[in-house]
Every structure is written in structure tokens, then in C-alpha cells.
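Report on the following structure.
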Amino acid sequence: MDITFTGKRALVTGASQGIGRDIALQLSKCGAQVFAVARNPHLLSTLRDEDPSIQTLSVDLTDWAATKQAVSKILPIDLLVNNAGIVILKPVPTFDEDDVDRLFDINVKALINVTQLVTSDLLSRKVPGAIVNVSSQTAKVGLERHAVYCGTKGAVDAYSRAVALELGPHNIRVNCVNPTVIMTEMGKQGYSDPNLAEPLKLKIPLRRFGEVREVTDAVLFLLSEKSSMITGESLLVDGGYVQA
């Protein structure tokens with residue numbers, strides 16, 4: 001199944017490493033003009049070295065005003081991937097206000113800000129668009145030490161459904177992908193301890209964690225015309241964890 005984005009302008013947040021980086025690279029290979037947004041300018045420069053056609057933008061997405069200013073300069077955008085996110089793992093009683101603010105600022109508030117900017121432009125141009133929000137299986141199930149993170153991803157799923165409902169009549173589709181643990185560098189570090197990793201794998205029918213490309217492929221499908229009748233969905237990329 002060939003997917004092409006020739007003539008489309010795509011924005012990917014959290015694009016300097018991991019899942020976001022691979023999404024940016026694959027979108028470019030499929031013909032899109034890609035704008036990669038992240039905070040770390042060094043990592044963005046290595047992305048640009050890997051694919052010089054990708055345009056990069058260094059901005060702290062938790063800064064609402066700076067984000068609006070930066071994203072406004074690269075409009076119009078046809079395809080948006082809200083991938084930027086962080087995780088803080090702590091027992092329930094030990095989360096402090098700073099932890100909660102950091103998690104919601106990047107995982108939810110920044111996503112809302114960028115989505116507003118892109119969808120306002122799509123509506124003003126009266127053109128179709130597609131948005132994919134990278135959520136998590138933790139929007140559907142609880143995991144120990146993930147309580148506030150689970151809350152942010154539940155918010156992402158709920159927000160995405162509401163935006164899909166509101167913008168569907170304008171042919172702007174909004175979906176989520178909800179991965180399990182993915183073997184990014186962060187994922188490998190976080191689950192390097194077999195005592196932590198193996199019990200979780202046993203809850204996954206496929207008995208393994210996911211690979212980056214498996215998430216990227218789901219994102220590309222949901223951005224493409226191959227999924228033209230799909231909106232408001234949360235596509236689990238979890239090896240069957242939630243359904244088992």
C-alpha cells in the first residue's frame with residue numbers, strides 16, 4: 001500500500017529523537033515538506049544532517065506565546081503530528097505540583113496550542129487536513145507509578161474526540177495512536193531492568209514491546225487518504241495489551 005504526501009506541508013512536534021524523529025524522516029520520504037519542532041537545537045541539527053530537506057524549528061512548547069509566534073511563521077500546515085511529550089514516574093503520594101505542571105504543560109497544553117494554530121489556519125483556507133496525536137495505552141489502562149501521566153494521556157484522547165467531532169464537517173480528521181512501551185532510547189533505558197520489563201511483557205499477547213517504525217506506520221496511515229473515513233479514533237499499537 002503506497003502512501004504519498006507530495007505537495008503537503010507537515011508539522012511534527014517532539015521531532016528531534018525517538019518516535020517523532022522517525023515520523024519526520026518517513027513523512028519526508030513520502031514526499032511531504034516537513035517542519036520538525038523540538039527544544040534541543042543540537043538534536044535538530046543532526047536530523048537536518050540526516051535529511052537536509054527537513055526544516056527545523058527550536059522552541060520550548062511549554063511557552064505558549066513563543067510557540068504561537070514560531071508556528072505562525074511556518075503556516076500553512078496540512079498535516080500535524082503532536083508527538084512531543086514527557087513521562088515522570090512516581091508513586092501516587094510523591095507527585096508534587098511541579099511534576100503535575102510539567103506533565104500537563106507539554107503533554108496536554110502544548111498539544112492544544114499547536115492544534116488551535118494549525119486548525120485555525122486550515123479553517124481559514126477552507127481546506128482538509130489530518131492530525132494525529134501520539135497518546136498512550138495508559139489512556140485506556142492504569143500503570144503503577146504513571147498516575148499523572150495516565151491523566152494527561154486520557155485528556156489527549158478526550159480532547160481529540162471532541163476536536164474530531166467539531167471539525168469533521170470541515171473534512172479535518174483527528175485521531176490518536178496509543179502505543180505500549182516502544183523501544184526508543186528512552187524506552188530501552190526505562191525498561192532495562194528485567195524485573196520491570198518482563199512482567200509487563202507477559203501482559204502483552206505478542207510478548208514484546210513495540211518498535212518505533214510500528215508506531216510511525218500507524219501515524220502515516222492515519223494521516224493519509226487511506227484512512228479517509230477514520231476520525232475520532234484511538235488506535236492501539238500495544239500488541240493486544242488492552243484487549244487481553
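The values are calculated or read from the model by the stated rules, or taken from the named source; none is laboratory data. Computed from a prediction, not measured in an experiment: that's the story for all the values here. Backbone-built Cβ (ideal geometry, glycine too); neighbour counts: all protein chains shown.
Restricting Thr4, Thr13 to residues that are under 14 Å from Val219 (Cα atoms), in contact with a helix residue (DSSP H, G or I) (Cβ under 8 Å, 6 or more places away or on another chain) and of a type in the set (Ser, Thr, Tyr) narrows the list to Thr13.
Against the criterion of being modelled with pLDDT of 95 or more and of a type in the set (D, E, K, R), Lys188 does not qualify. Residues that are modelled with pLDDT of 95 or more and part of a helix (DSSP H, G or I) are absent from region 53-61 altogether. If the condition is being over 22 Å from Phe221 (Cβ atoms) and either free of Cβ contacts under 8 Å to residues at least 24 places away in the same chain or of a type outside the set (A, V, I, L, M) (or both), then region 24-52 contributes Arg39, Asn40, Pro41, His42, Ser45, Thr46, Arg48, Asp49, Glu50, Pro52.
For Arg145, the conditions (1) touching a residue at least 40 places away in the same chain (Cβ under 8 Å); (2) part of a helix (DSSP H, G or I) are fulfilled apart from (2). Can you name every residue in region 79-93 that is within 14 Å of the chain's Cα centre (by Cα) and in contact (Cβ under 8 Å) with a residue 24 or more places away in the chain? If the condition is that a residue be within 14 Å of the chain's Cα centre (by Cα) and in contact (Cβ under 8 Å) with a residue 24 or more places away in the chain, then Leu79, Leu80, Val81, Asn82, Asn83, Ala84, Gly85, Val87 are the ones that fit. When region 56-89 is filtered for residues that are polar (S, T, N, Q), surrounded by fewer than 17 Cβ atoms within 10 Å (Cβ to Cβ) and closer than 26 Å to Asn175 by Cβ, only Ser72 remains. Reported count of residues in region 108-143, each being surrounded by 23 or more Cβ atoms within 10 Å (Cβ to Cβ), small (Gly, Ala, Ser) and either under 12 Å from the mean Cα position of the chain (by Cα) or modelled with pLDDT under 95 (or both), is 3. Taking the stated definitions as given, is Leu47 farther than 21 Å from Asn107 by Cα, touching a helix residue (DSSP H, G or I) at 6+ places or on another chain (Cβ under 8 Å) and part of a helix (DSSP H, G or I)? Yes; evaluated as a whole, the condition is true for this residue. Under the condition of being at negative phi, touching a residue at least 40 places away in the same chain (Cβ under 8 Å) and surrounded by fewer than 21 Cβ atoms within 10 Å (Cβ to Cβ), the residues counted in region 218-233 number 7. Do we have Asp96 as without any contact (Cβ under 8 Å) to a residue 24 or more places away in the chain and farther than 20 Å from Met186 by Cβ here? So Asp96 passes the test.
For residues in region 184-217 being among the polar types (S, T, N, Q) and loosely packed, with under 13 Cβ neighbours inside 10 Å, which is farthest from Gln33 (Cα to Cα)? Steps first, answer last, please.
From region 184-217, those among the polar types (S, T, N, Q) are 184, 189, 192, 195, 216; that's our starting set.
Subsequent filtering for residues that are loosely packed, with under 13 Cβ neighbours inside 10 Å retains 189, 192, 195.
Details: Gln189: 32, Ser192: 36, Asn195: 43 Å.
Ranking the candidates gives Asn195 first.
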